[in-house]
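Q: Can you keep this structure in mind? I'll have questions shortly.
The values are calculated or read from the model by the stated rules, or taken from the named source; none is laboratory data. These figures come from a predicted structure and were not determined experimentally. A quick note on method: Cβ atoms are made from the backbone with ideal geometry, for glycine too, and the neighbour counts reach across all protein chains shown. Ligands, DNA and RNA are excluded from the accessible area calculation, which covers all protein heavy atoms including side chains. Shrake-Rupley method; radii C 1.70, N 1.55, O 1.52, S 1.80 Å.
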Amino acid sequence: MSVKSNSSAKPCSAVKQYNGAPTIFVDGVPIPGAGFWRAPSHNERYLADFARIGVQICWFSIGTESWKASETYDFSELDAAWERMFAAMPEGYFIPRLYLRPPDWWIAAHPTELRLCEDGTPYQGTEDEYLQGQTLPSPTSPVWRSDTLAYIRAFVQHHEEGPYASRIIGYHLSNEQSEEWFYWGGPSVDYHPSAQEDFRHYLKAIYADDAALRAAWNNPQVSLAAARIPGYQERRHPQEGDFYSPTAQHQVVDYYHYKHELMVKVICEFAAEVKRLTARRALVGIFYGYQLQPIPRGQLDSGHYALRKLLESPDIDYLSSPTCYSGRELGTGYSYFMSPQASVRLHGKLWIDENDIRTHVQAPGNEGFGKTTTLKDTLAMQRREFANALCNGAAFWWMDQGGGWYDDPALLAELERLREMMAKAVHCDRSSAAEIAIVLDERSVMWRGPHKGLQSFEGITDIGHIGAPVDFVLLEDLEKAQPYKLYLMKYCYRSNRTVLEMLDRVVKRNDSWVLWLDRPGWVREDTCTLGVANTEELTGLAVQLEGGVAGADAELSARLRYPARQFAGWTSVYLKELPTADDLRRLCRAAGVHIYLDSGDTIYADASFIGIHTACAGAKRLNLTNDGLLYDLVNRHEIAVKGSEPVVEMEARATALYYRGSAKQWEQAQR
């Protein structure tokens, strides 16, 4: 190897809280979370372009091509790619993204280790999974797990002992469909014997003995030693309308808890090994938590609804996803992440936004998925995406998926400015300014049948047009979160005594407002019941199946246009269907939430920054709480705030970025 680096010392990298947001530190120094992704086969001049505009971190993808045979590895092609990357970005840091799908020879050599359908035949991947009939390993196969750990060890040791170690600050682990850790095969898998045994092991950790299992499953014949994974048809057909029966289908609910937690178990096993091999000096990141994005084979079988468990792992530093594919249109759209970002942040993890929005540049694969057709629109889109990351305490990488997506000098000049903004922003207060919590209960997904009723990912774009910033947070994290003025219980279909007591203690106080959607608390887990009585216990409102509500206050309900009732310390409001942005804005205002914009445009805001993306042209009256100055980061001038309502003229489908302070304060931000 002839790769040269400017230091032989391995950098010590970590994610730490800094000025209100998780931040990447390298050797004790915070660095801006603005990176670049490439494939090793792409022309290195595109990487050199990003090095020239000051981007410090490069992610690149690599599979198992170097895994040639059992315990046999050849990294020479990868070493050659390193030489080219170092030449293009000699001062940069790198994070290899390691895709762990085993090579074809491994599959052929291990026909008894494959994931199986219910009839015992190996599952064959399909085109929408980016496969063409290939068979795949069972995630519970001890042989696959052991061999994959061996490959991870070989890969990491090769890099840690090589000349490029001084520029590597982390490793990104990926697997399953589209490298994003949702199950190949979805509901069709996995019935491998090792999966049956692993499920029984999981049950033994939950139930003390056979008697406890029989009572929960309402089955006098079942035992911990012989419990079986529920069949495909049983899992596809809930017996209580949209919901699984708590008395007749508890085995299905238990299985889905297991299935999601299994994905996290595998991830954490691999992540822990990377941490051990690097003496915890390197970051470990993954794709996970896609609860605000439709997943091809459905949320229920995705494996992405054990986020809270994953966030408790000390071996994961950051999570990532592409920016949501819904809402990518300019003007009427809304840039948001696929995961509840406030929960990720609460656990000290960094969220990294994969900005794969297609640009106006003619380049391979640069079509669809929010593509813009002019430089002007590309700049507006990139600024909106930047505002989302900036104001939500996140980092990002620009993803050059086909090679050359950013090959325009004017576009690169704008990206350089955005990178410079992020470099300064790291040193500003990036605490959340949200007074609205959008609450998701990931455990509720286990109780609802596939594709039934409202899904956790629906209605997000309207939320983005309220005119005020929001935090997306897991129900189980509300005790860790800041208090909010309004809670939208967007996906909360189950309750138990622990949940009820937590909500009484944390949410139903301080004159907060709680908006309940659809059938909140419908399933009471600890009493194995479901129905309107459970909803009334949770909400204080008697919600009927046909949509009527008893016990509401007539005058308040008429004013809000929704059934509502005021209790000591809090107000309960019931929404049968997804609300519009206008309805949400009206309810937020009634709850005392600070509304920045009444115009239906998108707002992003934290303690130091404000971003606006317009749906239509006109004068935008920005409602602020204090007189003072705003600094326009795009046009580089100050705006006087008098009477707390500066008016800014904006075109349609445009994005403005503001710093809450003067030009001088902004210039001094990084000093």
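Q: Within the set of other residues whose C-beta is less than 13 Å from the C-beta of R586, count the net charge using Lys and Arg as +1 and Asp and Glu as -1.
A: Cβ neighbours under 13 Å give a net charge of 0.
Q: Relative contact order of the chain, please, whole-number percent, based on alpha carbon pairs below 8 angstrom and at least 6 residues apart.
A: The value is 12 percent.
Q: Which one of S431, A410, W398 has its Cα pushed farthest toward the positive end of the charge dipole of the range 352-449, where Lys and Arg give +1 and Asp and Glu give -1 at the Cβ?
A: The residue sitting most towards the positive pole is S431.
Q: Determine the percent antiparallel among the DSSP beta bridges restricted to the chain, to the nearest 5.
A: Counting only bridges with both partners in the chain, antiparallel ones make up about 45 percent.
Q: Please report the spacing between the Cα centers of the range 440-468 and the range 379-415 in Å, no decimals.
A: 28
Q: I've got another one for you. Just from the alpha-carbon atoms, what are the Rg and Dmax of the range 218-257 in angstroms?
A: Rg and Dmax of the range 218-257, Cα atoms, are 10.2, 31 Å.
Q: Might you tell me the accessible area per residue for the chain, computed with a 1.4 Å probe and given in Å²?
A: Per-residue value: 36 Å².
Q: Now for a different question. Quick check: net charge around Y171, other residues with Cβ under 15 Å of its Cβ, Lys/Arg +1 and Asp/Glu -1?
A: Charge balance in the 15 Å sphere: +1.
Q: Could you please state how large a percent of the accessible area of the range 389-539 is carbon and sulfur, counting protein chains only and using a 1.4 Å probe?
A: Carbon with sulfur: 45 percent of the solvent-accessible area.
Q: Right, another one. With θ set to phi - 60° and the Karplus curve 6.51 cos²θ - 1.76 cosθ + 1.60, what are the ³J(HN,Hα) couplings of the range 447-462 in order, to the nearest whole Hz, using x for Gly and Pro?
A: Along the range 447-462, the couplings run 8, 9, x, x, 6, 9, x, 5, 9, 5, 9, 8, x, 6, 4, 4 Hz.
Q: Work out the length of the dipole vector of the chain about its Cα centre, built from +1 on the beta-carbon of each Lys and Arg and -1 on the beta-carbon of each Asp and Glu, and round it to the nearest 20 debye.
A: 1320
Q: When only DSSP loop residues count, what trypsin sites (Lys or Arg not before Pro) in the range 357-458 have their Cβ near at most 11 other Cβ atoms within 10 Å?
A: Loop-located and lightly packed - none at all.
Q: Starting at the first residue of the range 613-627, write each ³J(HN,Hα) from the Karplus equation 6.51 cos²θ - 1.76 cosθ + 1.60 with θ = phi - 60°, in whole Hz, x for Gly and Pro.
A: Here the 3J(HN,Hα) series is 10, 8, 8, 9, 7, x, 7, 9, 8, 8, 7, 10, 8, 9, 6 Hz.
Q: Please report the base-10 log of the normalised intensity I(q)/I(0) for the range 314-444, using a Debye sum with one equal scatterer per alpha carbon and no solvent, at each q in 0.13, 0.18, 0.20 (1/Å).
A: -0.58, -1.05, -1.24
Q: Net charge near L350: determine it from the other residues with C-beta under 10 Å of the C-beta of L350, scoring Lys and Arg +1 and Asp and Glu -1.
A: Summing Lys and Arg as +1 and Asp and Glu as -1 gives +2.
Q: What list of ³J(HN,Hα) values in whole Hz, one per residue of the range 573-588 in order, does the Karplus curve 6.51 cos²θ - 1.76 cosθ + 1.60 (θ = phi - 60°) give from phi, with Gly and Pro shown as x?
A: 10, 10, 10, 6, 10, 4, x, 7, 4, 5, 5, 4, 4, 5, 5, 5
Q: Over 24 Å between Cα atoms, which of K16/K480; K452/K576; K275/K480; K10/K68 qualify?
A: K275/K480; K10/K68
Q: Specify, per residue and in Å³, the volume enclosed by the convex hull of the alpha carbon atoms belonging to the range 496-611.
A: Hull volume normalised by residue count: 126 Å³.
Q: Something else: What list of whole percents do you get for P(r) of the chain, with Cα-Cα distances grouped in 10 Å bins up to the one holding the largest distance?
A: Spelled out bin by bin, the chain gives 3, 15, 24, 26, 19, 10, 3, 0 percent.
Q: Can you send over the carbon and sulfur percentage of the accessible area for the range 267-363, probe radius 1.4 Å, protein chains only?
A: 50
Q: For the range 89-199, give the percent of accessible area contributed by carbon and sulfur heavy atoms, probe 1.4 Å, rounded to a whole number.
A: Result for the range 89-199: 52 percent of the exposed heavy-atom area is carbon or sulfur.
Q: How long are the three semi-axes of the equivalent ellipsoid of the range 1-128, in whole Å, if each is the root of 5 times an eigenvalue of the C-alpha gyration tensor, listed from largest down?
A: Values for the range 1-128, descending: 35, 20, 15 Å.
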